[in-house]
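Written below as structure tokens is the structure these notes are about.
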């Protein structure tokens, strides 16, 4: 085992590249005060509290056809999460937006996900936040998959999760301690389903690993879990706002956020998975039983179409990255 110098690292960096690095386009680091495009340089200090304590907050936006979607909602939630952990922002919103745009432009992909991480920062390997002199900011542009229903138009399968849901206070904060979320995703993979969804001590539905879940009742109501116990998804809230037009058309009767007992979920006419990466996915099977007629339902398909139009064509919801 040899001891490596900085010169050694520079010499060996090209050999550190792996196949999956092709999915990483560019990264801004306040530690470096700049943007890098070589994945070997996309690193975070090991003593950053983000690494060894999960002490940080994050957001994931997406850029579609050269426009970052729903930026204000994401940055509003980033501010709320940071405030809940007493994290001071590294820069103002205007400067952060410029960094986001510059990172995407450096990555040379008009379609990409953008991860924004605000950390407590480096300073020690201890637990005290007082050890960290200043917060740090990392912004990463990386691969965006097509929406779920584009990849799997036949619809999604969902199972009930056995992972204990987060306590409500922490569920509402998008912090970097995502162990329960990771375990839920692993659970879905082990079960061979697309998503799992949690249920709280009252046996009411909470959320999936990184997505919100809603239902359409047999009476035509579009319902999502009460916001007090889940992360307020930016896509969920946007979809709910867009779906007001479906109420006006009589396609659905109302839109609500309220406790959803497991029995009500099982009896739903439609179940919907909503998130930044997947958009609106229609569920055709829940816990091995068909949802509706086991085909994507009309409300979910309409909601997804409304969202697609908003993402691509609503200039007020897009920050164009230019060239």
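The values are calculated or read from the model by the stated rules, or taken from the named source; none is laboratory data. Everything quoted here is computed from the prediction, not taken from an experiment. Here the Cβ is made from the backbone with ideal geometry for all residues, glycine too, and neighbour counts use every protein chain on show.
In the range 1-39, how many residues are in contact with a helix residue (DSSP H, G or I) (Cβ under 8 Å, 6 or more places away or on another chain) and closer than 19 Å to residue 113 by Cα?
Counting residues in the range 1-39 that are in contact with a helix residue (DSSP H, G or I) (Cβ under 8 Å, 6 or more places away or on another chain) and closer than 19 Å to residue 113 by Cα gives 10.
Restricting to the range 227-242, give me the number of residues that are free of Cβ contacts under 8 Å to residues at least 60 places away in the same chain, farther than 16 Å from residue 170 by Cβ and over 16 Å from the mean Cα position of the chain (by Cα).
Selection size over the range 227-242: 2.
Pick from 32, 50, 41: which is in contact with a strand residue (DSSP E or B) (Cβ under 8 Å, 6 or more places away or on another chain), in the same structural domain as residue 98 (by TED's automatic domain parsing) and either without any contact (Cβ under 8 Å) to a residue 12 or more places away in the chain or surrounded by 17 or more Cβ atoms within 10 Å (Cβ to Cβ) (or both)?
The match here is 50.
Tally time: how many residues in the range 90-124 are surrounded by fewer than 21 Cβ atoms within 10 Å (Cβ to Cβ) and either without any contact (Cβ under 8 Å) to a residue 24 or more places away in the chain or in contact with a helix residue (DSSP H, G or I) (Cβ under 6 Å, 6 or more places away or on another chain) (or both)?
The qualifying residues number 7.
I'd like to verify a number: residues in the range 192-212 that are surrounded by fewer than 17 Cβ atoms within 10 Å (Cβ to Cβ) and either on the phi > 0 side of the Ramachandran plot or outside any loop (DSSP other than H, G, I, E, B) (or both), how many?
Matching residues across the range 192-212 total 2.
Does residue 166 satisfy the condition of being at pLDDT below 95 and either surrounded by fewer than 19 Cβ atoms within 10 Å (Cβ to Cβ) or not in a strand (DSSP E or B) (or both)?
When the stated conditions are applied, residue 166 passes them.
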